[in-house]
Structures are given as C-alpha cells and as structure tokens.
Amino acid sequence: MTLPERIRNTWAGLGLAAALVVPSALAAQVGASQGVLDPNVAGEAEMAVLPHMTAALAKGIVAARPFLSTAAFGEHLSKSLTAEQRAELFVKLFVAIDLNTATREEILMVPGVGNRMLREFLEYRPYPALAKFHREIDKYVDDAELARLEQYVFVAIDLNTATDDAILSIPGVGSRMLREFKEYRPYKSIEQFRREIGKYVDKKELARLERYVTIK
C-alpha cells in the first residue's frame, strides 16, 4: 500500500475522507520521469551519452521524430542497433505507451516487463486515469518499482475535463500551451483540437501532442 493510500485509509477511519487532498502527482496522466528521456523532446546532446548511442544516431532520431508509437521508435532503432542494444537503451530512452491502446508487443518493450506483468497491464483495461494503474499495479510491486514502471506509460487526457496537472504532465507542455489547451474548451472533436492548437505548433508537434489527448 502506498503512502497516499495509507493516509486516505487513516482519514477515512476518522470520518475525514472528504477533507483529504490527494497529492497532485496522482492527478497526472503521464508517469513522472525518474531519468528516462522521451526521444520526441530530448535534445541530441542528452541522447548522445546514452547506452549504444552515437552523435549520428541521436541526430537521426531528431530528424525522424515524432515517433507516434513505441513500435515506430523501436523500428527506427532496429536499423542501427541489435535487439539487446535496443532493450538496454530503452531503460533510458523510451516512447511511452498508451495504457489503453498499446499492443502486447509494445507493452513487452517496457524495460523489466515480462509475460506475468503483461497480463496485469492488460487485466485492468480500460484505464480512465493513471491513478488506476498506480492503484492496481501497486498490488504486485513495491513503490520504487511502481514509480519506475510509471515512467514508461500514460493515459490520454480528456481535453474538456483534464486538470492543469494532467495537462502539464504531457512532455513538452508548459504554461503557455496549458492556456491554449484550455482556451478552446469545450472541444467538440479532435478536428477542432487540430485546428486550434495547429495555430501555435507545426504539424509534427501537433501529431505528437495528439497522442496524449482524447475527447470523452
């Protein structure tokens, strides 16, 4: 059981559950990095020092991005690295998987995930929020391993209801883009998101951002 859950249970026993403020980290929809870089936003110099990377490979990644799936990133690396080398690199450089749509093969690309954990990832679909992943997977691993796994996953935010924390957890999104995301609420369609946010970013960046959003 995590610390927030222990606190919640204690307060509930005292009849104070309604007053409990859940830490903002649990409102995020993209797992917090513990050192893992996102190849869609990382700089060449940051990537060049990682296992099995060269300056040329880092430059090629920047030229080819955005990678709109984990599989696409793996395929790109397969031109230069062996399967073993890719697995070692994924520990430090990874395109996060969408917990609700990732294929079995993509889930198995998450460092340290084998067939047993694959079953657990799949069992709890659909994930309405990252908090559900946190709660369910916490049954099987300790807090340190849970935090490690969360670096590699995300749940798409609802454009119309997402909190500021959830929006800001999207890699590369800061206060300026937060304002733009919220300005056009309510969103009626993804096409509207593309049209409005496309005023501020190019098509590649728009495609990257779209991975992280949905309309429910």
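The values are calculated or read from the model by the stated rules, or taken from the named source; none is laboratory data. Everything quoted here is computed from the prediction, not taken from an experiment. Glycine also receives a Cβ, built like all others from the backbone with ideal geometry; neighbour counts cover every protein chain displayed.
Observations
- Residue match in the range 151-166 (condition: in contact with a strand residue (DSSP E or B) (Cβ under 9 Å, 6 or more places away or on another chain), in a helix (DSSP H, G or I) and either surrounded by 12 or more Cβ atoms within 10 Å (Cβ to Cβ) or modelled with pLDDT of 95 or more (or both)): yes
- Test set (1) surrounded by fewer than 16 Cβ atoms within 10 Å (Cβ to Cβ); (2) under 13 Å from the mean Cα position of the chain (by Cα) - residue 93 fails condition number: (1)
- All positions within the range 125-150 that are assigned to a loop (DSSP other than H, G, I, E, B) and either of a type outside the set (Val, Ile, Thr) or not assigned by TED's automatic domain parsing to the domain that holds residue 115 (or both): 125, 126, 127, 128, 129, 138, 139, 140, 142
- Annotation note: Cβ proximity below 8 Å between a residue of the range 124-148 that is under 17 Å from residue 27 (Cβ atoms) and a residue that is polar (S, T, N, Q) and outside any helix (DSSP H, G or I) (sequence gap 6+ or interchain) occurs for 127/100; 129/29; 130/29; 134/2; 138/2; 146/2; 147/34.
- Between 120, 105, the distinction of being loosely packed, with under 13 Cβ neighbours inside 10 Å, outside any loop (DSSP other than H, G, I, E, B), touching a helix residue (DSSP H, G or I) at 6+ places or on another chain (Cβ under 9 Å) and at pLDDT 95 or above belongs to 105 only.
- Meets criteria (among the polar types (S, T, N, Q) and modelled with pLDDT of 95 or more) for residue 82: yes
- The combined condition, being at pLDDT 95 or above, among the charged types (D, E, K, R) and part of a helix (DSSP H, G or I), is not fulfilled by residue 185.
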